[in-house]
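Here the structure comes first, spelled out in structure tokens, and everything after it is commentary.
The values are calculated or read from the model by the stated rules, or taken from the named source; none is laboratory data. Predicted, not measured: the structure shown is a model, and the values here were computed from it. Cβ atoms come from the backbone with ideal geometry, glycine included; neighbour counts cover every protein chain shown. Heavy atoms of the whole protein, side chains included, go into the accessibility calculation; ligands, DNA and RNA do not. Shrake-Rupley method; radii C 1.70, N 1.55, O 1.52, S 1.80 Å.
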Amino acid sequence: IRKVSAYVEHKAVPQRLTMDARDDSRASGRPPWCGVNLGGWLVLERWMAPSLFEKVAPTAHDERSFMERGGMQAAEAVTRFRDSFITLQDFQWLARIGGVNCVRLPVGFWCLEEHAEKTPYLPTCSYVDSVFDWAEECGLMVLLELHGAAGSQNGQHHSGQAGQVRWMEEKFQALNLQVLKSWAKRWGQRKALLGLGLGNEVDKPVASFKSRLVAIAKLSFWQTCVAPVDYWDQVAAFYTQASRLCRPHLREDVVLVIDTCWDMDRWRGRLANIEGPIWIDYHHYQCFSDDGDHIHDHIKAEALAEVVEDPPFPLVLGEFSLALRKEVDGHDTDGWQLQFFRSQTGLAQHSEAWFFWSYKLAREDWHHWSYRSCMGKSWVDVPLSVDVSATAGDETEL
């Protein structure tokens, strides 16, 4: 751990940005809320902490398999990791040096003890409690977000369990609604709560061969008797029900955040019954784009420009990074990183917020995914004014 004493002892922190200050922030060329994701911490991702997996459960690919295969050793290792990876000192750095005013906190359905019981997961609610304590002490806000739903909302490792998408099955829907309501009851009145995310990168389930045969057999029935329910209508109904359960326990200004899963038009006309305010959450990863073969084709972020042009609801850029495919011509040169950051955040200036993925990684390489590393390399602009005296010398690092 490197020196932090200069700014730990310095008591001044950036003043919390109020809703009334939105116009001033937009005039300065940024959205009201600028932050980072605390990714890979309370929902494990192997690529973000590879040594954790390799030492304990080398064949595991998500948090569930890590806990199942690693047993007691995994429980001890993940507890040590979570105790040390994000601390009060990180929040002090973010507020006084990192120049952000909020964090997005990805959390799994197993957060509370009653929901972790009889699962392989360890509850994380004590860490969430600490996040709100630290955020309020440091003048930051928190977007609490259901990143890993029961039954998995996308079948990806970052939902906590890779495999099938089952979160819309009745038993999992009921559990996820209970989870969100419980979170709202526990943290809905915290001063640092900016918003509650109701899902992350939701995807459609892929039908198995057997289920397809059953669907074909029932096709004539559906055509003549009952119209099949559209999957995204079902998801919208879930969000509507979640809003009704959560809203009574939230402060009036707390935002409910709805995932777009990369389709802005999906929610036009579908969210009318949600008790607002609401934002929609879009994620932009240029590294998955085929926009061109040269670095200059990518750093314009033209795909993002098309998205932010006419959103159906207030928009938040919930995840983005500076990562590009290494084979892109010019990737090994310097200078494009800052331009790329400015392109993405510039396009997001008329949104409600942006959040870099991620704050930091538990690995020494892959700097384009770490806000902390990017700042050390002067690849990002500090979005908010900071205490210059606290950034002198090596006090800027942990």
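Annotations
- Surface exposure of the stretch 87-216, expressed per residue as accessible area with a 1.4 Å probe, stands at 37 Å².
- Phi-derived couplings, Karplus 6.51 cos²θ - 1.76 cosθ + 1.60 at θ = phi - 60°, listed residue by residue for the stretch 322-335: 9, 6, 9, 5, 5, 7, 5, 4, x, 4, 7, 8, 9, x Hz, with x used for Gly and Pro.
- Cα extents for the stretch 241-369 along the principal axes, largest to smallest and rounded to whole angstrom: 52, 32, 21.
- Of the cross-linked pairs K326/K360; K55/K377; K181/K204, those separated by over 22 Å at the C-alpha level are K55/K377; K181/K204.
- Signed unit charges on C-beta, dipole axis of the stretch 234-281, positive-most listed residue V257, L245, W279: L245
- In this structure, the amide hydrogen of G148, modeled 1.01 Å from its nitrogen in the peptide plane, lies closer than 5 angstrom to those of V107, G108, F109, counting only residues at least 5 positions away or on a different chain.
- Heavy-atom accessible surface of the stretch 242-290: percent carbon and sulfur, 1.4 Å: 47 percent
- Distant-in-sequence amide H partners of D259 (H built 1.01 Å from N, under 5 Å): L198, G199, D281
- The stretch 290-349: Cα Rg divided by the 2.2 N^0.38 Å rule of thumb: 1.17
- Put simply, the C-alpha atoms of the stretch 114-179 give a gyration tensor, and the ellipsoid matching it has half-axes of 26, 13, 11 Å, longest first.
- Rolling a 1.4 Å probe over the protein heavy atoms of the stretch 37-141, with every protein chain left in place, gives an accessible area that is 49 percent carbon and sulfur.
- Interchain or long-range residues, amide H under 5 Å from C102's placed H: C34, V36, M141
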